[in-house]
Amino acid sequence: MNILIIGGAGYIGSHVAREFLDAGHRVTVYDNLSSGLRQNIFRDEQFIHGDILQKEQLSAVCRGAGFDALVHLAALKAAGESALKPEQYSVYNICGSINILNAALEAGIKYVLFSSSATVYGEPDYLPIDEHHPVRPANYYGFTKLEIERIMAWYDKLKGIRFASLRYFNAAGYDIQNRITGIEMNPTNLIPVIMEAACGIRSSVQIFGTDYKTPDGTGVRDYVHVNDLALGHLAALDYISLNDKSLTVNLGSEKGFSVLEIIEAARRITGRRIVTTVVERRTGDPAILMASAQYAKESLAWTAHSSDLETLLDSTWKVYQN
Ligand code: WQD
């Protein structure tokens, strides 16, 4: 198929683009490079430098090359920042996504894969979290993702667009074949922060609270390897195009690791000290987030194969140590 990947120069987007290329699809990446990297652009894909807020350019691109499907991964994604700058998250995440959906409609692109997030669930009522769990985002970033899901459901009903909303748990790791080596700028997620401390980009890792109701008091998350996530996108496109049906599905490893477990494992794998300082909790952080990926298994025959802690950290350290 001919695929447009919006945000395809980003951390997850570049892994998705690589898997689509390897599966024989034609790929065009549309990215404003605000956080995406030129070094993440592959020789065997087309690249267009553009922004999802430039409606005319976006429409022209979508109409231009007879795309069969588009993948939408362009978003502001820092949960904490979304509380400070909701107006930016409204414009970029919500208005930008509406621009994409309207451009897709206008261009007759029927299939849309959307990068959603486990943050749509908020504080869990039960664990592991399945797709029937109530959606009560605890931060504005999660709210924007849920709103876009709701708009897509209406576009499915009214216009026949078929979408897959992929609720990523915590994306981590780097391409196991080491084909993607661009490190994120100013990361806020735990593992890249730890790796920055391991290679001296920052002096220490702040641990946001040690008084959670978890075995060691620190937050537990479900980390899923970006290679696994990318394969989930391939499977989801097959599902919505072959069944002509939309899908909302969790993509998670079903394993939980605490902050301290990750730090200890990173010390072992990197051989570096990794200084930590305990600070107060970060508002809105649930104690534990873990996915049930049962529905992904049933509908997509998908499970996370590369999301063990060793692979997650080893593949990341290979990139950071260089
Ligand atoms: C993981 C754990 C922190 C940093 C967010 C988004 C989510 C998704 C993934 C985009 C928590 C602790 C973290 C640090 C720490 N993003 N931590 N010190 O918050 O689970 O999810 O990123 O889709 O939508 O909400 O990920 O990596 O920020 O935190 O102690 O410097 O590590 O408290 O327990 P999170 P995270």
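Can you tell me which of 318, 245 is in a loop (DSSP other than H, G, I, E, B), in contact with a Phe, Trp or Tyr (Cβ under 8 Å, 6 or more places away or on another chain), open to solvent by 10 Å² or more (accessible area, probe 1.4 Å) and more than 14 Å from the ligand (Cβ to nearest atom)? Explain how you work it out, then say what you get.
Working: 318 fails: in a loop (DSSP other than H, G, I, E, B).
When all the criteria are applied, what remains is 245.
Taking residue 12 and the conditions (1) open to solvent by 60 Å² or more (accessible area, probe 1.4 Å); (2) not in a loop (DSSP other than H, G, I, E, B), which numbered condition does it fall short on, given that it satisfies the others?
Among (1) open to solvent by 60 Å² or more (accessible area, probe 1.4 Å); (2) not in a loop (DSSP other than H, G, I, E, B), residue 12 violates only (1).
Of all residues in segment 141-179 being away from the ligand (no atom under 11 Å from the Cβ) and buried (at least 23 other Cβ atoms within 10 Å of the Cβ), which is nearest to residue 43 (Cα to Cα)?
Only one residue tops the list, namely 174.
Taking segment 123-140 as the search range and keeping residues that are under 28 Å from residue 84 (Cβ atoms), surrounded by 17 or more Cβ atoms within 10 Å (Cβ to Cβ) and at pLDDT 95 or above, which one is farthest from the ligand (Cβ to nearest atom)?
Going through the qualifying residues, I end up with 133.
Tally up the residues in segment 45-79 that are open to solvent by 50 Å² or more (accessible area, probe 1.4 Å), in a helix (DSSP H, G or I) and either within 16 Å of the ligand (Cβ to nearest atom) or closer than 25 Å to residue 24 by Cβ (or both), please.
Here the count works out to 2.
Please go through segment 215-239 and pick out each residue that is assigned to a helix (DSSP H, G or I) and either open to solvent by less than 10 Å² (accessible area, probe 1.4 Å) or out of contact with any Leu (no Cβ under 6 Å at 6 or more places or on another chain) (or both). Working first, answer last.
Of the residues in segment 215-239, the ones assigned to a helix (DSSP H, G or I) are 226-239.
If the condition is that a residue be assigned to a helix (DSSP H, G or I) and either open to solvent by less than 10 Å² (accessible area, probe 1.4 Å) or out of contact with any Leu (no Cβ under 6 Å at 6 or more places or on another chain) (or both), then 226, 227, 228, 229, 230, 231, 232, 233, 234, 236, 237, 238 are the ones that fit.
Going through 304, 265, 296 one at a time, which residue ends up being open to solvent by less than 70 Å² (accessible area, probe 1.4 Å), part of a loop (DSSP other than H, G, I, E, B), modelled with pLDDT of 95 or more and not assigned by TED's automatic domain parsing to the domain that holds residue 229?
Step by step, each of 304, 265, 296 is checked, and only 304 is open to solvent by less than 70 Å² (accessible area, probe 1.4 Å), part of a loop (DSSP other than H, G, I, E, B), modelled with pLDDT of 95 or more and not assigned by TED's automatic domain parsing to the domain that holds residue 229.
So, of the residues in segment 275-293 that are of a type in the set (S, T, N, Q) and in a loop (DSSP other than H, G, I, E, B), which turns out to be farthest from residue 80 (Cα to Cα)?
The extreme case among them is 292.
Here is a check on your reading of the model: is residue 277 farther than 23 Å from residue 119 by Cα and not assigned by TED's automatic domain parsing to the domain that holds residue 135?
Criteria met by residue 277.
Test residue 212 against the stated conditions and say whether it is closer than 30 Å to residue 84 by Cβ, aromatic (Phe, Trp, Tyr) and either in a helix (DSSP H, G or I) or out of contact with any Leu (no Cβ under 7 Å at 6 or more places or on another chain) (or both).
yes
Does segment 18-36 contain any residue that is in contact with an Asp or Glu (Cβ under 8 Å, 6 or more places away or on another chain) and open to solvent by less than 10 Å² (accessible area, probe 1.4 Å)?
Yes; the residues of segment 18-36 include at least one that is in contact with an Asp or Glu (Cβ under 8 Å, 6 or more places away or on another chain) and open to solvent by less than 10 Å² (accessible area, probe 1.4 Å).
What number of residues in segment 87-101 are in contact (Cβ under 8 Å) with a residue 12 or more places away in the chain and open to solvent by 10 Å² or more (accessible area, probe 1.4 Å)?
So the answer is 8.
Report yes if some residue within segment 201-213 is within 16 Å of the ligand (Cβ to nearest atom), among the acidic types (Asp, Glu), open to solvent by 50 Å² or more (accessible area, probe 1.4 Å) and assigned by TED's automatic domain parsing to the domain that holds residue 303; otherwise report no.
yes
Can you find a residue in segment 273-280 that is in contact with a helix residue (DSSP H, G or I) (Cβ under 9 Å, 6 or more places away or on another chain), free of Cβ contacts under 8 Å to residues at least 24 places away in the same chain, within 16 Å of residue 198 (Cβ to Cβ) and more than 16 Å from the ligand (Cβ to nearest atom)?
yes
Which ones in segment 144-170 are in contact (Cβ under 8 Å) with a residue 24 or more places away in the chain and assigned to a helix (DSSP H, G or I)?
Across segment 144-170, the qualifying residues are 144, 145, 146, 147, 148, 149, 151, 152, 153, 155, 156, 159.
Inside segment 182-200, can you point out the residues that are more than 10 Å from the ligand (Cβ to nearest atom), over 21 Å from residue 39 (Cα atoms) and out of contact with any Phe, Trp or Tyr (no Cβ under 7 Å at 6 or more places or on another chain)?
Residue satisfying the conditions is 200 alone.
The values are calculated or read from the model by the stated rules, or taken from the named source; none is laboratory data. These numbers come from a predicted model, not from an experiment. Note that we place each Cβ from the backbone using ideal geometry, even for glycine, and neighbour counts take in every protein chain shown. Calculation scope for accessible area: heavy atoms of the full protein, side chains included, ligands and nucleic acids excluded. Shrake-Rupley method; radii C 1.70, N 1.55, O 1.52, S 1.80 Å.
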